[in-house]
Amino acid sequence: MSKVFDLWKEIGGAFGPSGREDAVREAIAAAAGDYVDDITTDALGNLICRKKGSGKKLLFAAHMDSIGVVATYIDEKGFIRFSQVGGLFHGDLINIQVRFANGTRGVISYEEKPAFKDLTMDNLFIDIGAGSREDAARMVQIGDFAVFEALRFEQNGVLCGPYLDNRIGCVTLLLMLEQLSGQQSENDLYFVFTAQEEVGLRGAGAAAFAVEPDVAIAVDVTDTGDLPERRTPVAVELGGGPAVKVMDRSVICTPAVCAALERAAADCGISVQRELLQFGGTDTAMLQKTGAGVQVGAVSIPTRYIHSPSELCAVSDVEQAAALLARFAVTAQ
């Protein structure tokens with residue numbers, strides 16, 4: 001197995017839906033500790049790792065929270081109704097396993113069996129095998145969060161499993177940090193693992209406000225256009241190299257920063273793709289709007305089946321993203 005997989009298995013396996021990122025933060029801090037000068041946590045739960053320098057202040061951000069569900073009601077037979085934490089496609093939830101923070105596991109299913117296009121949250125429930133409300137309440141309380149529970153594996157150069165979005169972005173920054181340990185950079189580098197991105201980009205704004213960077217780069221996943229049923233053209237392919245974001249629905253990246261990222265890739269002999277995402281957004285938008293405004297860019301990992309329990313990305317795209325970002329950190333002026 002690759003080093004990318006080993007890191008993702010550790011970081012991705014930590015319980016960490018939005019607002020409950022503690023275990024993920026601890027795992028990342030342990031992995032980053034040997035490569036940075038100091039590590040702090042702010043009031044929102046962002047993990048901020050600094051590698052000190054006297055040059056430009058560069059911020060690299062990857063969100064560590066994941067989508068999930070939260071228990072809202074337990075009926076008399078012990079079935080649990082729930083609400084979503086972040087964006088979910090209802091069809092991806094049928095007959096999947098979830099895990100609560102205390103280790104309780106359950107299966108999501110649906111009543112009345114409507115067509116997927118007519119499926120709503122009102123049809124869905126979690127079955128934890130309880131026989132009554134009282135049995136269920138001994139294992140799950142109203143307000144408890146749960147995450148997808150599914151096998152993670154590496155096969156044929158790809159990773160598959162839950163929460164590549166965006167633990168693989170966190171892994172990319174950790175690989176970048178490791179590479180920088182053998183390089184000299186005058187720039188003042190901040191590696192921010194942000195909280196609550198999936199519910200409104202909340203952590204990134206607070207972190208950028210505190211750091212006041214000259215340039216900020218977000219690292220996240222992006223959709224691909226290489227699937228058979230794809231009807232909206234997307235010029236990003238799995239294994240085609242990391243993608244440099246040009247724009248999405250929430251941000252237009254700074255042209256000079258995009259150009260600098262592409263130069264860094266060329267210096268490393270890495271081919272990059274250009275990302276124009278027609279829906280969704282990332283921490284990039286919030287970083288750009290902080291204070292009086294920040295020059296921003298983004299590097300994205302092409303990923304299939306985003307926000308499902310079986311996301312899929314290429315190991316090579318992750319490794320190359322880390323390499324070009326390390327080069328950018330050293331050469332940015």
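The values are calculated or read from the model by the stated rules, or taken from the named source; none is laboratory data. Every value quoted in this text rests on a predicted model; they were computed, and no experiment measured them. Reconstructed Cβ throughout: ideal geometry from the backbone, glycine too, with neighbour counts over all protein chains shown. Protein only, heavy atoms only, side chains kept; ligands, DNA and RNA dropped before computing areas. Shrake-Rupley method; radii C 1.70, N 1.55, O 1.52, S 1.80 Å.
How fast does region 90-156 diffuse by Stokes-Einstein, in µm²/s, taking the Kirkwood radius from C-alpha pairs at 10 °C and 1.306 mPa s?
For these conditions, the coefficient is 119 µm²/s.
Return one number: the angle in degrees, 0 to 90 and rounded to the nearest 10, between the long axis of the Cα atoms of helix 22-32 and the longest principal axis of the Cα atoms of the chain.
That helix lies at roughly 30 degrees to the long axis.
In region 134-191, which trypsin sites (Lys or Arg not before Pro) fall in coil by DSSP and have 15 or fewer other Cβ atoms within 10 Å?
Numbers: sites: Arg138, Arg152, Arg167; in loops: Arg138, Arg152.
Answer in residue order: Arg138.
Compute the helix-to-body angle for 255-267: its Cα long axis versus the longest principal axis of the chain, expressed 0 to 90° and rounded to tens.
For 255-267 against the chain, the angle is about 80 degrees.
How large is the charge dipole for the chain, taken about the Cα centre, if only the Cβ atoms of Lys, Arg (+1) and Asp, Glu (-1) carry charge, to the nearest 20 debye?
The dipole magnitude comes to about 360 debye.
What does the convex hull of the Cα atoms come to per residue for region 1-154, in Å³?
147 Å³
Over all directions, average the projected area of the Cα convex hull of region 1-85 and note it in nm².
That works out to 8.3 nm².
Please work out the Cα center distance from region 32-100 to region 244-258, rounded to the nearest Å.
Between the Cα centre of region 32-100 and that of region 244-258, the gap is 24 Å.
DSSP loop GluC sites (Glu not before Pro) in region 21-124 with at most 14 other Cβ atoms within 10 Å of their Cβ, which ones?
For GluC sites (Glu not before Pro) across region 21-124 that sit outside H, G, I, E and B with at most 14 neighbouring Cβ atoms in 10 Å, the list reads Glu76, Glu111, Glu112.
Of all accessible surface on region 205-333 at a 1.4 Å probe, what whole percent is carbon and sulfur?
That fraction is 52 percent.
Just report the Cα centroid separation between region 215-232 and region 267-295, whole Å.
12 Å
How far is it, in nm, from the label point at Glu10 to the one at Ala292 when both lie 7 Å from their Cα along the line to the Cβ?
4.1 nm
For region 242-303, with equal point scatterers placed on the C-alpha atoms only and solvent neglected, what are the log10 I(q)/I(0) values from the Debye formula at q = 0.16, 0.23 1/Å, to two decimals?
Log10 of I(q)/I(0), two decimals: -0.49, -0.92.
Where in region 227-246 does the amide nitrogen come within less than 16 Å of the point 7 Å from the Cα of Ser2, taken along Cα to Cβ?
What the label zone holds, given the 16 Å backbone N cut-off, is 237-243.
In µm²/s, what is D for region 163-259 at 4 °C and 1.567 mPa s, where D = kT/(6 pi eta Rh) by Stokes-Einstein and Rh is the Kirkwood radius from Cα pairs?
So the translational diffusion coefficient is about 82 µm²/s.
Out of the trypsin sites (Lys or Arg not before Pro) in region 220-294, which ones are loop residues according to DSSP with at most 12 other C-beta atoms within 10 Å?
Arg230, Arg231, Arg249
In Å, what Rg and Dmax follow from the Cα atoms of the chain?
Expressed in Å, the Cα Rg and Dmax of the chain come to 20.0, 64.
Give the angle, between 0 and 90 degrees and rounded to the nearest 10, that separates the Cα long axis of helix 164-180 from the longest principal axis of the Cα atoms of the chain.
Approximately 30 degrees, to the nearest 10.
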